[in-house]
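The values are calculated or read from the model by the stated rules, or taken from the named source; none is laboratory data. Just so it is clear, the model here is predicted, and its values are computed rather than measured. Every residue, glycine as well, gets a Cβ built from its backbone with ideal geometry; the counts of neighbours run over all protein chains shown. To get the accessible areas, we keep the full protein, side chains included, count just its heavy atoms, and leave off ligands, DNA and RNA. Shrake-Rupley method; radii C 1.70, N 1.55, O 1.52, S 1.80 Å.
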Amino acid sequence: MTLPETDIPWPPPQFAAEYAAMRVDDAWYAGDRKRLSEVYARDQLRPDGRRRLWGRRPPAPGQRDTRLHIPLAADIANTSASLLFSEPPTFTVEDTATQTRLDELTEAGGVANTLLEAAEVAAALGGVFLRVTWDASLAARPLLTAVHADSALPEFRFGILSAVTFWHELPSESATVWRHLERHEPGRILHGLYQGDADRLGVRVPLVEHPAVAGLVDSLGEQGDAIETGLPDALTVAYVPNMRPNRAHRGSPLGRSDFQGAHDQFDALDTVWTSWMRDIRLARARLIVPDGYLRSNGPGNGASFDADREIWQTLNIPPTETGAAGITLSQFAIRVAEHQQTAEAIVRQAVQSAGYSAQSFGLGDATAVTATEVVARERRSMITRDVKGRYWAPALADMLHVMLRLDRALGFSTVAVDERPHIQFGDAVSEDPQTTAQTLALLAQAEAASTDTKVRILHPDWSDEQVQAEGARIQKETGAVPADPLQATSLPDRTPPTTRDEETLPHMRSS
């Protein structure tokens, strides 16, 4: 299969249900009230028959929209990414030269930051694509980028990604929709430009027709639309599912979002907070006063009441007139506890449905504890993190392997070793420095650990050379070894002196 040559519906209908679900997830992830209203314009009722908060008609022009949105969905996606990649993973290979080049590629390319972005998008949309590309005019190395799942058309065989077509809309000054399609196949990348409308792909036109992609013409091969990667057996894209299976679309190769099944809980949380803010607005103190208490501001200017006035003259108010009792204070109660408990219960249920512990979102005991205790309290979050890590490791290792091979094929490097990197995820919770210091102090007091061991405990990410150098410096500063071995004085001979009898004993034995 290649790029389409004829006008077809776009996006293609084979993943229409998944794309519709992504639009809902994307609206909650973005937290845009207008997009939420548009998403639920045709789906206004919950399963229990009650109208959704974001399914209500928007206020008339000139009226204020009092609906409040709490970005819980965005917090869940951000927490998922932080649990996975807050501590950057380590990428290792056996060959020293390959390891050096791999470190250069990952550090210069900011791979750790790319993974944070990709993991957050995957949690929201159900998956993300890792793409390896290059531009020699920008950097003399391959580049690892993240592509969102709602702008990709993947092709799977037996659950394995065999090809994928990315698309994005280009700037246009008219109703015409310009789309750039980028198709990745083993060994090559194809590019196409299409002129259509909102629902149709349209006709294919030369790349030079739009300035945003005209620069690709110089990179295309003899076929006119393909760039050869030099890796005929490798795909320059990998798909990372957030979690599987996709419960809403069983049998789909695409992953499921952390928000799947929690949309009504998000809407309920916004309803609670909107009601809470309404209580606050209604609870403003108001004074109800008789008309006679008001001071006229002149014809056409109405009347006003001076709340700071201290002396009042006698007012002629009939005793039977409404309000004759004088000034009345009106102030409603704010149901703080009820709203807070309801909101907290909804948040707990929503994050539990997503696979996380409430403690990961600040609910529960906030007392400072050790990293071990944090892991115990957040066990559900740690399990979810480990499960997601198993989906990330193969795809990430494949793309790093492709980066090394492409780096050599494009002439950016001369490293000849072809080795697939090993992925080691960092700790989700860093140990408290005070706890680490106390542990080291107890080990030193008990003389139960060497300097080398204590340095490794303090700096688990250091190499053997760094640990040995630090240990030598510590021993030098503490005087455990002489600073200069040539200046060392010989230790006194602690051999006990022999007695005269011991000296003559051999002679006595021989005699």
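Quick look at the values:
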quantity: In region 449-467, the residues that are modelled with pLDDT of 80 or more and not in a helix (DSSP H, G or I); calculated: Ala449, Ser450
quantity: Residues (open to solvent by 30 Å² or more (accessible area, probe 1.4 Å) and part of a helix (DSSP H, G or I)) located in region 265-285; calculated: Gln265, Thr271, Trp273, Ser275, Trp276, Met277, Arg278, Ile280, Arg281, Leu282
quantity: Search result, residues across region 346-373 that are at pLDDT below 90, assigned to a helix (DSSP H, G or I) and under 20 Å from the mean Cα position of the chain (by Cα); calculated: Ala358, Gln359, Ser360, Phe361
quantity: Test: residue in region 230-247 that is free of Cβ contacts under 8 Å to residues at least 60 places away in the same chain and hydrophobic (A, V, I, L, M, F, W, C); calculated: no
quantity: Residue list for region 62-91, filter: open to solvent by less than 60 Å² (accessible area, probe 1.4 Å) and β-branched (Val, Ile, Thr); calculated: Thr66, Ile70, Ile76, Thr79
quantity: Selected residue [surrounded by fewer than 14 Cβ atoms within 10 Å (Cβ to Cβ) and at pLDDT below 80] from Thr495, Thr414, Thr436; calculated: Thr495
quantity: Unique match (being within 28 Å of Tyr29 (Cα to Cα) and touching a Pro at 6+ places or on another chain (Cβ under 8 Å)) among Ala81, Ala73, Ala77, Ala112; calculated: Ala112
quantity: Residues of region 392-411 satisfying the condition of being more than 24 Å from the chain's Cα centre (by Cα), surrounded by fewer than 16 Cβ atoms within 10 Å (Cβ to Cβ) and not hydrophobic (A, V, I, L, M, F, W, C); calculated: Gly411
quantity: Some residue of region 185-192 being in a loop (DSSP other than H, G, I, E, B), under 30 Å from Leu396 (Cα atoms) and either open to solvent by 50 Å² or more (accessible area, probe 1.4 Å) or among the aliphatic types (A, V, I, L, M) (or both); calculated: yes
quantity: Hits in region 59-73 - residues which are touching a residue at least 60 places away in the same chain (Cβ under 8 Å) and either of a type in the set (Gly, Ala, Ser) or touching a Gly at 6+ places or on another chain (Cβ under 7 Å) (or both); calculated: His69, Ala73
quantity: Residues of region 442-457 satisfying the condition of being open to solvent by 90 Å² or more (accessible area, probe 1.4 Å) and touching a residue at least 12 places away in the same chain (Cβ under 8 Å); calculated: none
quantity: Strands (runs of 3 or more DSSP E) completely within region 89-177 that count 1 or more residues being without any contact (Cβ under 8 Å) to a residue 40 or more places away in the chain; calculated: 143-148, 152-157, 160-170
quantity: Residue count, region 15-58 (criterion: touching a residue at least 24 places away in the same chain (Cβ under 8 Å), open to solvent by 90 Å² or more (accessible area, probe 1.4 Å) and either closer than 23 Å to Ser252 by Cα or in a loop (DSSP other than H, G, I, E, B) (or both)); calculated: 2
quantity: Condition broken by Asp7, with the remaining ones in (1) farther than 30 Å from His180 by Cα; (2) in a loop (DSSP other than H, G, I, E, B) satisfied; calculated: (1)
